[in-house]
Protein chains: 2
Amino acid sequence: MDTGDRLLTPGEVAALFRVDPKTVTRWAAAGRIGSIRTPGGHRRFRESEVRALLEGEGVLEDLEEGPENRPRNTGPATPGSPGSPGAGNMGMH
Amino acid sequence: MDTGDRLLTPGEVAALFRVDPKTVTRWAAAGRIGSIRTPGGHRRFRESEVRALLEGEGVLEDLEEGPENRPRNTGPATPGSPGSPGAGNMGMH
DNA sequence: CATAATTAGGGTAATTTGGGAG
DNA sequence: GTTGTCCAAATTACCCTAATTA
């Protein structure tokens, strides 16, 4: 079961999300994303978790391995993403 | 499961932490991780200790939003947990 | 004993960390 | 409330050659 337990560096995650590494660090500090710390203090993120966050909730099994991005969903109209119950963690008011 | 008393090579530990073998060696040199030296001078690390350090924060609790996903494992607690004998790591500064 | 792969050692660049302010 | 950039410091990654391991 290779769920992709590879660990990613903050820079890798930042590049995936198109944000600054500092922002990724803040997500980890806020507990919004799991992080593994090296004995030296640096953080490592799980590829599977990052992918899950990137996909929102698409539980598709796509094992791509190429730099190219898979073509968009050949499906019909855009599903929109109305649901996205998200639920997650936000709010905190 | 065995407590993992096997000895791992720097390369193995490096792959687990997604770091360079040199970095693992540096951890051992800094006393951040216990290391066993071979008569030749190479270092070996304990699987149990490495796993203990690998325990990251992660999102242990379910933080999902999918109504159809609930791999809740109410199984009995794991008896006989790894006692991690002797391993008194914890490098504090 | 010989070969291939890994590891150790030193040194320098790149990345990451943490806090502060916009 | 979140994100991006500034700073200084620490940690990590890659370069090399020699020794050890398998």
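The values are calculated or read from the model by the stated rules, or taken from the named source; none is laboratory data. Keep in mind the model is a prediction, meaning the values are calculated, not measured. Don't worry about glycine lacking a Cβ; one is built from the backbone with ideal geometry, like all the others, and counts go over all protein chains shown. Ligands, DNA and RNA are excluded from the accessible area calculation, which covers all protein heavy atoms including side chains. Shrake-Rupley method; radii C 1.70, N 1.55, O 1.52, S 1.80 Å.
In table form, for the structure just shown:
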| quantity | calculated |
| --- | --- |
| Average other protein chain Cβ within 10 Å of Cβ, residues A:34-45 | 6 |
| Percent carbon-and-sulfur accessible area, the range A:7-60, ignoring ligands, DNA and RNA, probe 1.4 Å | 51 |
| Summed buried accessible surface, chains A and B, 1.4 Å probe, nearest 100 Å² | 1300 |
